[in-house]
Amino acid sequence: IRCWSNIPFITVPLSRAHGKSFAHRSELKHAKRIVVKLGSAVVTRGDECGLALGRLASIVEQVSMLQNQGREMMIVTSGAVAFGKQRLRHEILLSQSVRQALHSGQSQLKDMAIPVLEARACAAAGQSGLMALYEAMFTQYSICAAQILVTNLDFHDEQKRRNLNGTLHELLRMNIVPIINTNDAVVPPPEPNSDLQGVNVISVKDNDSLAARLAVEMKTDLLIVLSDVEGLFDSPPGSDDAKLIDIFYPGDQQSVTFGTKSRVGMGGMEAKVKAALWALQGGTSVVIANGTHPKISGHVITDIVEGKKVGTFFSEVKPAGPTVEQQAEMARAGGRTLAALQPEQRAEIIYRLADLLTDQREEILLANKKDLEEAENKGRLALPLLKRLSLSTSKLNSLAIGLRQIAASSQDSVGRVIRRTRIAKDLDLEQVTVPIGVLLVIFESRPDCLPQVSALAIASGNGLLLKGGKEAAHSNQILHRLTQEALSIHGVRDAVQLVNTREEVEDLCRLDKLIDLIIPRGSSQLVRNIQKAAKGIPVMGHSEGICHVYVDTDASVEKVTRIIRDSKCEYPAACNALETLLIHRDLLRTPLFDQIIDMLRVEQVKIHAGPKFASYLTFSPSEVKSLRTEYGDLECCIEVVDSAQEAVEHIHKYGSSHTDVIITENEKTAEFFLQHVDSACVFWNASTRFSDGYRFGLGAEVGISTSRIHARGPVGIEGLLTTKWLLRGDNHVVSDFSEHGSMKYLHESLPLPQRNAN
């Protein structure tokens with residue numbers, strides 16, 4: 001805990017030897033000393049007269065938060081000219097109106113021309129007001145701010161430079177935020193070709209060059225340059241092909257075309273890039289980002305420091321492989337080529353992958369053993385996750401069987417005609433199946449998920465981005481290599497990509513222009529996080545697997561224990577395992593009830609009592625904390641209901657619309673349950689564990705969806721397809737179908753072409 005002016009605040013441990021910039025965004029959270037440069041477009045209003053107060057307040061809040069974490073924050077700000085222009089305009093209008101009223105004797109003001117205001121005068125009039133505003137805002141967070149005005153001479157005169165350096169260090173030592181600006185009231189006009197010529201020569205001609213010079217002078221860890229664009233683009237923002245550059249490396253300037261400068265201020269993007277590269281050369285990391293966008297400006301600075309993918313990050317270290325954006329583009333191009341292959345060719349790829357899983361079994365298991373040993377040594381994975389991480393010969397054999405099943409069933413999946421309509425004579429419409437596009441599948445501790453999902457993507461002609469957990473890194477790498485080997489037989493190696501960069505899941509979820517569907521495979525927390533983070537990209541999946549088994553009064557004694565044991569104990573970590581057992585009230589204190597309890601005890605299942613069940617018992621198990629719990633282990637809740645209707649109501653209230661089961665010999669009761677339970681999978685006298693793509697005959701699944709749009713339940717090939725409409729005509733125009741036109745709509749249904757029986 002540090003104290004300043006008797007106000008305590010918590011600091012975070014931050015230490016770093018200066019001299020080399022950060023190589024990756026994820027390292028920015030270690031930045032201790034940070035300069036935030038606020039461009040004129042960020043600080044000023046759209047009319048260029050006055051300050052954007054709301055935006056400025058948000059920036060001050062973020063800087064204060066980081067300062068109170070123990071970081072050393074400095075601000076290089078524009079805005080004095082705009083603030084002064086507002087004040088001087090007001091004074092001029094006021095004086096003109098008084099003179100006009102005196103000379104004309106009229107109370108009504110005529111049009112008054114405001115003279116062009118000289119920038120130095122505006123700066124002189126605005127500096128004090130701008131600083132007073134900053135002081136008032138920082139005071140709200142118990143932080144003191146200090147103003148420093150500089151010119152070029154303060155950096156080029158050795159004595160003045162030392163004085164400036166000493167002043168800044170002393171302010172930072174006292175936990176004061178220095179607010180620095182060029183002294184625009186006296187600064188001479190900038191010399192056109194005198195800035196940014198090397199580490200030892202820099203002309204402070206604008207606040208971009210000032211921020212860069214200051215960052216290097218103060219051995220700053222991070223320089224954040226806020227402007228009115230998202231970052232650096234490969235061509236002027238707003239042009240058709242402009243793409244935001246995530247990471248910019250020295251030497252990449254030749255590939256960038258610069259546009260005009262912002263609506264206000266001295267510099268443009270070219271000046272910012274030159275300043276950023278100069279600072280980078282001096283050992284300071286740089287991010288250029290948008291400080292004006294209303295949706296992100298409230299957290300843009302803290303997001304950058306947390307390492308999130310915001311703006312353009314300048315780095316001296318080029319990664320060995322492609323960026324995730326490049327991988328997504330490769331997957332899209334590869335997916336389109338894949339979709340254009342003949343069905344037999346796609347099936348051949350999947351058959352080859354199935355063969356590789358068995359042929360390369362020993363190499364796969366050796367890689368998996370490394371993952372298991374590392375996970376056990378670190379002790380970070382719970383037992384259910386360790387089970388999911390483990391591969392075995394039998395698992396690989398089952399995978400190969402499932403893949404061959406996918407290959408056999410995928411012959412007519414892409415391009416299948418599902419509707420034909422004759423709109424009019426010689427005008428026929430078809431609706432055909434097509435791939436969704438690029439899928440992003442994020443999975444935890446499930447290396448067997450990689451070949452399953454890859455096979456489904458191949459069969460459906462989709463490009464695929466895979467993001468696996470680091471706990472399965474060795475297993476995922478070899479399985480991905482084998483997948484690409486299989487794809488290579490028809491030249492579509494790039495269609496399936498494994499993301500190996502330090503990309504955060506949240507950043508991947510923002511690639512809405514590159515990814516068409518996200519499929520999370522993992523814990524309920526992972527799914528919830530992805531659903532929250534996804535920006536404009538649909539997410540297919542379920543956040544929880546709270547599956548119920550209801551034992552009716554007419555249940556068969558022989559079936560009850562078998563189904564419950566299989567549902568709960570066969571694989572308790574699965575999302576389709578039983579979590580809540582509902583028992584009809586009339587079965588309490590019967591031999592059947594005793595058999596159920598005895599079986600659960602033998603299987604070492606920990607029982608939690610629901611509120612109604614606990615009320616019937618003198619000595620009950622621990623009462624459940626929530627009836628909406630997914631245990632994922634040898635634990636379950638038992639609750640009592642009075643009827644099938646009440647069982648349905650309980651499931652709707654506490655379930656997750658995943659899989660729910662009734663055990664009964666009464667067909668009428670069973671049909672009531674099947675029709676009224678609103679879940680993705682509803683079974684009669686069968687284990688919840690049948691809710692699985694392989695067991696449904698889909699070969700495999702990308703996951704189980706509980707959403708109500710597009711796909712529901714275990715999602716196989718069909719769930720990875722969408723449709724497009726093909727209209728074949730012969731010089732048809734809509735005007736021919738008007739009231740007095742020559743043609744009439746027929747809208748006749750046409751027979752579908754015969755499907756491939758094989």
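The values are calculated or read from the model by the stated rules, or taken from the named source; none is laboratory data. Values in this document were obtained by computation on a predicted structure and should not be read as measured data. Cβ placement follows ideal geometry from the backbone for every residue including glycine, while neighbour counts extend to all protein chains displayed. The accessibility values were calculated without ligands, DNA or RNA, using every heavy atom of the protein model including side chains. Shrake-Rupley method; radii C 1.70, N 1.55, O 1.52, S 1.80 Å.
Once the other residues with Cβ under 9 Å from the Cβ of Arg161 are scored (Lys, Arg +1; Asp, Glu -1), what is the net sum?
-2
With the Cα gyration tensor of the range 309-426 giving a ≥ b ≥ c as the square roots of its eigenvalues, does the rule (a/c under 1.5 for rounded; else a/b larger than b/c for prolate; else oblate) give rounded, prolate or oblate?
In terms of gyration-tensor shape, oblate.
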Self-check item: Efficiency of FRET between Asp428 and Glu374 - r from beta-carbon atoms, R0 45 angstrom, step 0.05
Solution: 0.15
Quiz prompt | Heavy-atom accessible area per residue - the range 547-701, 1.4 Å, Å² | solution = 44 Å²
Quiz item: Tell me which lysines have Cα within less than 16 Å of Lys559's Cα, excluding those fewer than 8 residues away on the same chain?
Solution: Lys568
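Express the carbon and sulfur contribution to the solvent-accessible surface of the range 547-701 as a percent, rounded to the nearest whole number, probe 1.4 angstrom. List each step's numbers first, then the result.
Values: 3280 of 6820 Å².
Whole-percent figure for carbon plus sulfur exposure: 48.
Taking R0 as 45 Å, what FRET efficiency do you get between Phe619 and Phe690 from their Cβ-Cβ distance, rounded to the nearest 0.05? Each step should come with its number before you reach the end.
Values: r = 36 Å, r/R0 = 0.79.
The pair Phe619/Phe690 has a calculated efficiency of 0.80.
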Quiz item: Given the rule -39500 (n - 2.57) for each run of at least 4 DSSP H residues, summed and divided by the residues of the chain, what is its mean residue ellipticity at 222 nm, to the nearest 500 deg cm²/dmol?
Solution: -11500 deg cm²/dmol
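Let me have the relative contact order for the chain, percent, based on Cα pairs under 8 Å that are six or more residues apart.
The value is 11 percent.
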Practice problem: Under a cut-off of 17 Å between alpha-carbon atoms, report the aspartates and glutamates in cross-link reach of Lys370, not counting same-chain residues fewer than 8 places apart. | Solution: Glu362, Glu444, Asp448, Glu471
Practice problem: Obtain the radius of gyration and the Kirkwood radius of the range 629-686 from its C-alpha atoms and give Rg over Rh. | Solution: 0.95
Practice problem: May I ask you to evaluate 6.51 cos²θ - 1.76 cosθ + 1.60, the Karplus curve with θ = phi - 60°, for each residue of the range 275-284 and list the ³J(HN,Hα) values in order in whole Hz, giving x for glycine and proline? | Solution: 5, 5, 5, 5, 5, 4, 4, x, x, 9
Quiz item: Considering only the chain, what is the antiparallel percent among its DSSP beta bridges, to the nearest 5?
Solution: 30 percent
Quiz item: Using modelled amide H (1.01 Å from N, peptide plane; none on Pro or chain starts), what sits under 5 Å from the amide H of Phe233, excluding residues fewer than 5 places away?
Solution: Ile245
Exercise. Report the full-extension gain for the segment Gln477 to Asp359: residue separation times 0.36 nm, less the Cα-Cα distance, to one decimal in nm.
Key: 40.8 nm
Self-check item: Cβ-based net charge around Phe613, under 11 Å, with every Lys or Arg adding one and every Asp or Glu removing one
Solution: 0
Quiz item: HN-Hα J couplings of the range 348-359 from phi, Karplus 6.51/-1.76/1.60, θ = phi - 60°, integer Hz, Gly and Pro as x?
Solution: 4, 4, 5, 4, 5, 5, 4, 5, 5, 4, 8, 5
Quiz prompt | Nearest-0.05 FRET efficiency for Gln754 and Ser488, computed from C-beta distance (R0 35 Å) | solution = 0.55
Exercise. Pull out a ≥ b ≥ c, the square roots of the eigenvalues of the alpha-carbon gyration tensor of the range 384-447, then state rounded if a/c is under 1.5, prolate if not and a/b is larger than b/c, and oblate in the remaining case.
Key: prolate
Self-check item: Distance histogram for the range 547-701 (every C-alpha pair counted, 10 angstrom bins, percent rounded to whole numbers)
Solution: 12, 45, 36, 6, 1
Exercise. Mind giving me the nanometre distance, one decimal, between the label points for Tyr249 and Leu727, set 7 Å out from Cα along Cα→Cβ?
Key: 4.8 nm
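Cross-link list Lys295/Lys470; Lys37/Lys295; Lys378/Lys532; Lys20/Lys513; Lys29/Lys369; Lys470/Lys625: which exceed 23 angstrom alpha carbon to alpha carbon?
Result: Lys295/Lys470; Lys378/Lys532; Lys20/Lys513; Lys29/Lys369; Lys470/Lys625 exceed 23 Å.
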Practice problem: Sticking with the crude label model, points 7 Å out along Cα→Cβ, report the distance from His30 to Glu348 in nm, one decimal please. | Solution: 5.0 nm
Quiz item: What's the local net charge at Gly719, with K and R +1, D and E -1, over the other residues with C-beta under 10 Å away?
Solution: -1
Self-check item: Integer Hz, Karplus 6.51/-1.76/1.60 couplings in order for the range 717-734, x for Gly and Pro
Solution: 4, 4, x, 9, 10, 10, 10, 9, 10, 10, 10, 10, x, 8, 6, 8, 9, 5
